[in-house]
1. Out of all the residues in region 263-290, which are in contact with a Pro (Cβ under 6 Å, 6 or more places away or on another chain), under 21 Å from residue 233 (Cβ atoms) and outside any helix (DSSP H, G or I)?
2. Which one of 125, 180, 131 is modelled with pLDDT under 95, buried (at least 16 other Cβ atoms within 10 Å of the Cβ) and at positive phi?
3. Does any residue of region 197-204 turn out to be touching a residue at least 24 places away in the same chain (Cβ under 8 Å) and in contact with an Asp or Glu (Cβ under 7 Å, 6 or more places away or on another chain)?
4. Considering only residues that are among the charged types (D, E, K, R) and open to solvent by 50 Å² or more (accessible area, probe 1.4 Å), look in region 241-272 and name the one that is farthest from residue 304 (Cα to Cα).
5. Starting from region 291-307, take each residue that is surrounded by 10 or more Cβ atoms within 10 Å (Cβ to Cβ) and part of a loop (DSSP other than H, G, I, E, B) and list its partners that are at pLDDT 95 or above and among the basic types (Lys, Arg), counting only C-beta distances under 7 angstrom and pairs at least six apart or across chains.
6. Restrict the check to region 164-179 and report whether at least one residue is touching a residue at least 60 places away in the same chain (Cβ under 8 Å) and more than 21 Å from the chain's Cα centre (by Cα).
7. Can you go through 107, 65 and tell me which one is buried (at least 24 other Cβ atoms within 10 Å of the Cβ) and in contact with a strand residue (DSSP E or B) (Cβ under 9 Å, 6 or more places away or on another chain)?
Amino acid sequence: MARGRRPRDHDRSRDHGVRRQAAGARGRMTIHPAIGPGKTAVVTGAADGIGLAAAQAFAAQGMNVVLADIMGRALKKAADAIGDKALAVETDVSDRAQVQALRDAAVETFGAIDVLMNNAGVGGGGDAFSGEDPWKRVLDVNLWGVINGVQVIGEEMAASGRPGLIINTGSKQGITQPPGNTAYNVSKSAVKALTEGLAHSLREIVDCRVDARLLIPGYVFTGMTRRGGPKPDGAWTPEQTVQFMLDSIARGDFYILCPDNDVPRSLDEKRMAWAMGDVIENRPALSRWHPDWKDAFAEFIASGVEKP
């Protein structure tokens, strides 16, 4: 693919700008050139949670949807509920050959892929000394699953000349680095770096009409976070998260930083600013959780934080 600088704002160009008009009797909105009737979205981790809500939302926009997950029975049930324009493809995203098979099934069934949402993820992993197996499991799915999607599906999208959209699901933990689950934090930090690099690479490809976005969910009630029982008051639903994602895409946002019912954006911003301040001010690593810096962090947070 030819590369060269393009003198424009990639996320606010004629193809990628905000065009939110009512679209017909169903009240569809023009969110992005890659989202709309007859287009096709591939969503991984789509049997439950944010992935399922995204697949349903894309279908509501008149799109074909290809749902991918390792939970075959739940995946088929989800696709059946969406209807004839949904295709279920059981996929382990850590296996590149299976991601290639996912791509082939989507193209064979619907002709082209317009939206790729690399959303599959697992929790756990533990701290720095938790051993090879849990670390490998988390990195294989959370990081290599995204790399596989980007390289197997995303690169062909970039070369197609068609408008396209790649959404990678990150995490606030990949930015603020709370201790105790270092493997997960590493995986999501890497997804952030990958997606930022991807956005730049897409911007440098001549005549490329694909862009990338980083979804950063808040506290969401999903299969990864639920522990039995009802949804906690502080959590958002997957549907709320996906609606916020679509609204952010329509605004042209790259960083889709989601609040929830407990944490407003202003608090997220303060936490992230403190984390970066560790580097700038040469504080101890993860000083937010360091006993010598506890009071300073509390004072910093107390200033200028809105209530949710």
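1. 264
2. One residue alone meets the criteria, 125.
3. Yes, region 197-204 contains at least one residue that is touching a residue at least 24 places away in the same chain (Cβ under 8 Å) and in contact with an Asp or Glu (Cβ under 7 Å, 6 or more places away or on another chain).
4. Looking at residues that are among the charged types (D, E, K, R) and open to solvent by 50 Å² or more (accessible area, probe 1.4 Å), I get 251.
5. Pairs found: 305/270.
6. In the first step, residues of region 164-179 are kept if they are touching a residue at least 60 places away in the same chain (Cβ under 8 Å); the result is 164-165, 167, 169, 172, 175-179.
Now restrict to residues that are more than 21 Å from the chain's Cα centre (by Cα): 179.
Yes: one or more hits.
7. 65
The values are calculated or read from the model by the stated rules, or taken from the named source; none is laboratory data. Owing to the predicted nature of the structure, the values given are computational and were not obtained by experimental measurement. Note that we place each Cβ from the backbone using ideal geometry, even for glycine, and neighbour counts take in every protein chain shown. Calculation scope for accessible area: heavy atoms of the full protein, side chains included, ligands and nucleic acids excluded. Shrake-Rupley method; radii C 1.70, N 1.55, O 1.52, S 1.80 Å.
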